[in-house]
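**Q** Here you go, one structure.
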2 protein chains.
Amino acid sequence: MKKKITLKQIARELEVSISTVSKALKNSREISKDTTEKIQAFAKLYHYKPNNIALSLKSRRTKNIGVIIPDIVHHFFTTVFRGIEQFADTKGYNVIACVSDESFEKEVINMELLANGSIDGFIMALSAETQLKNDFHHLKETIDQGMPLVLFDRVTDEVICDKVVINDFEAAYMAVKKLIDDGRKRIALVTTESYLNVSEKRAQGYYQALKDHNLELDKSLILRLPYQFEDEIMSETFFATTNLDAVLCVNEIFAVRSMRIAQRNGLRIPEDVAFIGFTDGILSKLATPALTSVAQHGERMGEIAARMLIEKIERDDEKELEEETFRTEVIEATLIERESTIN
Amino acid sequence: MKKKITLKQIARELEVSISTVSKALKNSREISKDTTEKIQAFAKLYHYKPNNIALSLKSRRTKNIGVIIPDIVHHFFTTVFRGIEQFADTKGYNVIACVSDESFEKEVINMELLANGSIDGFIMALSAETQLKNDFHHLKETIDQGMPLVLFDRVTDEVICDKVVINDFEAAYMAVKKLIDDGRKRIALVTTESYLNVSEKRAQGYYQALKDHNLELDKSLILRLPYQFEDEIMSETFFATTNLDAVLCVNEIFAVRSMRIAQRNGLRIPEDVAFIGFTDGILSKLATPALTSVAQHGERMGEIAARMLIEKIERDDEKELEEETFRTEVIEATLIERESTIN
DNA sequence: TATTAACACGAAACCGTTTTCGTTGTTAAT
DNA sequence: ATTAACAACGAAAACGGTTTCGTGTTAATA
């Protein structure tokens, strides 16, 4: 077992100083050709690679970015993660992934742990609990210490930083409008508890679309499910007793579940009832019938978030002077039409 | 903006030495009560937290583990990742996630990058290309440098290290046996190119089960699809022209796709044809009909891999002496029966 | 009173680099 | 012969901690 070799060992072996070795390896022309070649040959032979930790300590840059997401077994977040990882990779950054599990405490702990020098910046989506508590002190402190932060999807106005979101309101509006244009009158909404920022925005889009098209808002057409709802009883009775001809779901899991229940109740899709979901993942594509869905372009979102973060990190290097400026990028959602609606 | 405070600054401010501050913060009883309290109060006031990088440099431990997986937008890997992350978290480790994208080169580059001090050990599943090339020098070198490594799922006999896998052969055997016991005679296999170790093992289990039950191996009943097959034409003709009454698929995506095609061709599931897939993910649960599936217990796999790795890392601390010993943990796959087979 | 032990603290080495700033020994210019 | 310039290298500081090993005071002991 050959442990990694260090500058010091090379120096001792070749009877030169550490500085000479360091310079020779960077082709400094302070060092003679002879010595340089000798050192480089030796280094190559022993597979010398500088120690990242030592480099980080010196440069105060880790080339790591921290990503905190509420859940990893979740198509949308996974997609965003991939976008982040891909972009980060091209820029030579590594990604440290933390899962908050929708827990406020885990979010706080993980953030504080990573903020102590392990990373150069954060990308995150708020946990459900954090949004519920409305407590963002950990984010504010992190920013205050000069750590760049980009929020995506699950954001908040309380924290001033770079953000990247989709136009949830407009997307929901657009989806509902399509259903109305298709002649649907009784359009249901299947959503989560309202403290989830994005769900709420989608609900608003739903309300507005109904209003603009002179459809009454019927509370009995709104089904609110707990975030990760395994039990299907609530939805069962909803579909059995409610007279509806279209359904908008705030995610694809709710949508596919709902479709199954509707089908069990003898409803034909899309003839009797049309479905549109959010999150255009693999479920939407492979459901029967295939689900018309609002694509959130997670991968692009991740890429943009990573780009914003890295730009800020590397700008901090250059110019300390200029005033901080924060942006919010809005990604346009797209409606992908499939078999669960008519076109 | 208050940058993080360091020991040196505290020392200067309080007119004591750096060592005194360091000791006081660890409640060393070398330091008087008075001084200790004064220092701790000051440190608390300024939110002092030791710099992780400096600690790592000193201790030669990063408390980071590197995870390299071929794909993150993939239910099984995501699940394993969650298991790793969860266990690592309880032990105070962070996870650096790299996606090889099934590319040999990305795998090599990422490994070499991380191996230079950024992490204490690796957990990985081999990329398809790596398995195809059968080139494992990067793994061997990493191990040779004393870096612990745990392989999961996509493993190889060429590399001697800790491993965790499921009993693919037996699982496939068991699945096919169930189909046979249900009276199926013409059982198809939908699989990937054979260089994927796990697919091959599953195929072997399939062959053996047929053989043991005196069913002939009919090559026309085997469909090999490229790894991420988007085009459905090949499968279309397969299901249209082949006379079969059951299908075993090596993953759930193939299974759900196949079911759709079969249904389009007027076949009833499970009456006319039964389906069993591998990877018991969300697709299996929400497909119509729900898919009978071999659960690979990814989360447990991740947890076990993380446990093995961290044990090895922390044992390395204690005893350098004793001989290395490597284990291979086999996780028992489970057949989850749903609507796509009769029971 | 001289010796010793306990106490409270500081100096310095160390982890592995980079980088600035000498310090030599030659060589060319005066 | 003297000096300036240059080439080639080393010493040391710095990054932010931990830890070992002094060292000076004071109090207890012989």
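**Q** Consider residue B:289 against the criteria (1) away from chain A (no Cβ under 13 Å); (2) assigned to a loop (DSSP other than H, G, I, E, B); (3) in contact with a Lys or Arg (Cβ under 9 Å, 6 or more places away or on another chain): it satisfies all of them except one. Which criterion is unmet?
**A** (1)
**Q** Kindly indicate whether residue B:4 is within 16 Å of DNA strand C (Cβ to nearest atom) and either within 41 Å of the chain's Cα centre (by Cα) or not assigned by TED's automatic domain parsing to the domain that holds residue B:147 (or both).
**A** No; evaluated as a whole, the condition is false for this residue.
**Q** Residue A:116 - would you say it is facing chain B (nearest Cβ under 10 Å), among the polar types (S, T, N, Q), closer than 17 Å to residue B:92 by Cβ and surrounded by fewer than 22 Cβ atoms within 10 Å (Cβ to Cβ)?
**A** yes
**Q** Scanning for something surrounded by 15 or more Cβ atoms within 10 Å (Cβ to Cβ), of a type outside the set (A, V, I, L, M) and in contact with a Cys (Cβ under 9 Å, 6 or more places away or on another chain), does the stretch B:81-88 turn up at least one residue?
**A** Within the stretch B:81-88 (the criterion being surrounded by 15 or more Cβ atoms within 10 Å (Cβ to Cβ), of a type outside the set (A, V, I, L, M) and in contact with a Cys (Cβ under 9 Å, 6 or more places away or on another chain)), the answer is yes, since at least one residue qualifies.
**Q** To continue, here is another question. Return the total of residues in the stretch A:119-137 being surrounded by fewer than 20 Cβ atoms within 10 Å (Cβ to Cβ) and touching a helix residue (DSSP H, G or I) at 6+ places or on another chain (Cβ under 9 Å).
**A** First pass over the stretch A:119-137, keeping only residues surrounded by fewer than 20 Cβ atoms within 10 Å (Cβ to Cβ): A:129, A:132-137.
After this cut, where a residue has to be touching a helix residue (DSSP H, G or I) at 6+ places or on another chain (Cβ under 9 Å) as well, the list is A:129, A:132-133, A:135-137.
Going through the stretch A:119-137 one residue at a time, the tally reaches 6.
**Q** Quickly run through the stretch B:26-43 and pick out the residues that are more than 14 Å from every other protein chain (Cβ to nearest Cβ) and either assigned to a helix (DSSP H, G or I) or closer than 17 Å to residue A:115 by Cα (or both).
**A** If we filter the stretch B:26-43 for residues that are more than 14 Å from every other protein chain (Cβ to nearest Cβ), which is where we start, we get B:26-42.
Selection gives B:33, B:34, B:35, B:36, B:37, B:38, B:39, B:40, B:41, B:42.
**Q** Part of a helix (DSSP H, G or I) and either within 16 Å of DNA strand C (Cβ to nearest atom) or surrounded by fewer than 16 Cβ atoms within 10 Å (Cβ to Cβ) (or both) - does that describe any residue in the stretch A:152-174? Working first, answer last.
**A** The first filter runs over the stretch A:152-174 and keeps only residues part of a helix (DSSP H, G or I), leaving A:168-174.
Among the residues that remain, those that are also either within 16 Å of DNA strand C (Cβ to nearest atom) or surrounded by fewer than 16 Cβ atoms within 10 Å (Cβ to Cβ) (or both) are: none.
Taking every residue of the stretch A:152-174 in turn, none turns out to be part of a helix (DSSP H, G or I) and either within 16 Å of DNA strand C (Cβ to nearest atom) or surrounded by fewer than 16 Cβ atoms within 10 Å (Cβ to Cβ) (or both).
**Q** Of everything in the stretch B:20-36, what is buried (at least 17 other Cβ atoms within 10 Å of the Cβ) and more than 9 Å from DNA strand C (Cβ to nearest atom)? Give them in sequence order.
**A** Selection gives B:25 alone.
**Q** Could you check, for the stretch B:90-103, whether at least one of its residues is within 16 Å of DNA strand C (Cβ to nearest atom), in a helix (DSSP H, G or I), assigned by TED's automatic domain parsing to the domain that holds residue B:307 and without any contact (Cβ under 8 Å) to a residue 12 or more places away in the chain?
**A** Initial filter on the stretch B:90-103 (within 16 Å of DNA strand C (Cβ to nearest atom)): none.
No, the conditions are met nowhere in the stretch B:90-103.
**Q** Looking only at the stretch A:44-68, count every residue that is assigned to a helix (DSSP H, G or I), more than 8 Å from DNA strand C (Cβ to nearest atom) and either more than 10 Å from every other protein chain (Cβ to nearest Cβ) or of a type in the set (Val, Ile, Thr) (or both) and tell me the total.
**A** Of the residues in that region, 2 qualify.
**Q** (1) among the aliphatic types (A, V, I, L, M); (2) within 9 Å of DNA strand D (Cβ to nearest atom); (3) within 30 Å of residue B:333 (Cβ to Cβ): which one isn't true of residue B:69, the others all being true?
**A** (2)
**Q** Still on this structure, please answer the following. Restricting to the stretch B:119-146, what's the tally of residues that are in contact with a Gly (Cβ under 6 Å, 6 or more places away or on another chain) and within 11 Å of chain A (Cβ to nearest Cβ)?
**A** Residues meeting the conditions: 1.
**Q** Within the stretch B:267-282, identify whether any single residue is among the hydroxyl-bearing types (Ser, Thr, Tyr), over 25 Å from residue B:226 (Cβ atoms) and not assigned by TED's automatic domain parsing to the domain that holds residue B:77, and answer yes or no.
**A** Of the stretch B:267-282, the ones among the hydroxyl-bearing types (Ser, Thr, Tyr) are B:279.
With the extra rule that they be over 25 Å from residue B:226 (Cβ atoms), the set shrinks to none.
Checking the stretch B:267-282: not a single residue is among the hydroxyl-bearing types (Ser, Thr, Tyr), over 25 Å from residue B:226 (Cβ atoms) and not assigned by TED's automatic domain parsing to the domain that holds residue B:77.
**Q** Kindly indicate whether residue A:8 is assigned to a helix (DSSP H, G or I), within 14 Å of chain B (Cβ to nearest Cβ) and either out of contact with any strand residue (DSSP E or B) (no Cβ under 8 Å at 6 or more places or on another chain) or more than 12 Å from DNA strand D (Cβ to nearest atom) (or both).
**A** Criteria met by residue A:8.
**Q** Check whether at least one residue in the stretch A:69-81 is in a helix (DSSP H, G or I), under 17 Å from residue A:308 (Cα atoms), within 12 Å of chain B (Cβ to nearest Cβ) and not small (Gly, Ala, Ser), and report yes or no.
**A** Yes.
**Q** Just name the residue that is farthest from DNA strand D (Cβ to nearest atom) out of those in the stretch A:13-25 that are of a type outside the set (A, V, I, L, M, F, W, C) and in a loop (DSSP other than H, G, I, E, B).
**A** A:15
**Q** Are any residues in the stretch A:194-204 more than 12 Å from residue A:222 (Cβ to Cβ) and surrounded by fewer than 22 Cβ atoms within 10 Å (Cβ to Cβ), and if so, which ones?
**A** Passing the criteria: A:195, A:196, A:197, A:200, A:201, A:204.
**Q** Can you tell me which of A:339, A:299, A:323, A:311 is free of Cβ contacts under 8 Å to residues at least 60 places away in the same chain and within 13 Å of chain B (Cβ to nearest Cβ)?
**A** That would be A:323, the only listed residue that is free of Cβ contacts under 8 Å to residues at least 60 places away in the same chain and within 13 Å of chain B (Cβ to nearest Cβ).
**Q** Looking at (1) within 43 Å of the chain's Cα centre (by Cα); (2) within 12 Å of DNA strand C (Cβ to nearest atom), which one does residue B:39 not meet, given that it meets all the others?
**A** Going through the list (1) within 43 Å of the chain's Cα centre (by Cα); (2) within 12 Å of DNA strand C (Cβ to nearest atom), residue B:39 breaks only (1).
**Q** Another one. Against the definition (more than 14 Å from every other protein chain (Cβ to nearest Cβ), farther than 21 Å from residue B:116 by Cβ and surrounded by 11 or more Cβ atoms within 10 Å (Cβ to Cβ)), how does residue A:17 come out, yes or no? Explain how you work it out, then say what you get.
**A** Values: more than 14 Å from every other protein chain (Cβ to nearest Cβ): yes; farther than 21 Å from residue B:116 by Cβ: yes; surrounded by 11 or more Cβ atoms within 10 Å (Cβ to Cβ): yes.
So residue A:17 passes the test.
**Q** Oh, and also: Just one of B:2, B:106 is among the basic types (Lys, Arg), in a helix (DSSP H, G or I), within 10 Å of chain A (Cβ to nearest Cβ) and more than 13 Å from DNA strand D (Cβ to nearest atom); which is it?
**A** Among B:2, B:106, only B:106 is among the basic types (Lys, Arg), in a helix (DSSP H, G or I), within 10 Å of chain A (Cβ to nearest Cβ) and more than 13 Å from DNA strand D (Cβ to nearest atom).
The values are calculated or read from the model by the stated rules, or taken from the named source; none is laboratory data. What you see is a predicted model; the values in this text were computed from it and never measured. No Cβ is skipped: glycine too gets one built from the backbone with ideal geometry, and neighbour counts run over all protein chains shown.
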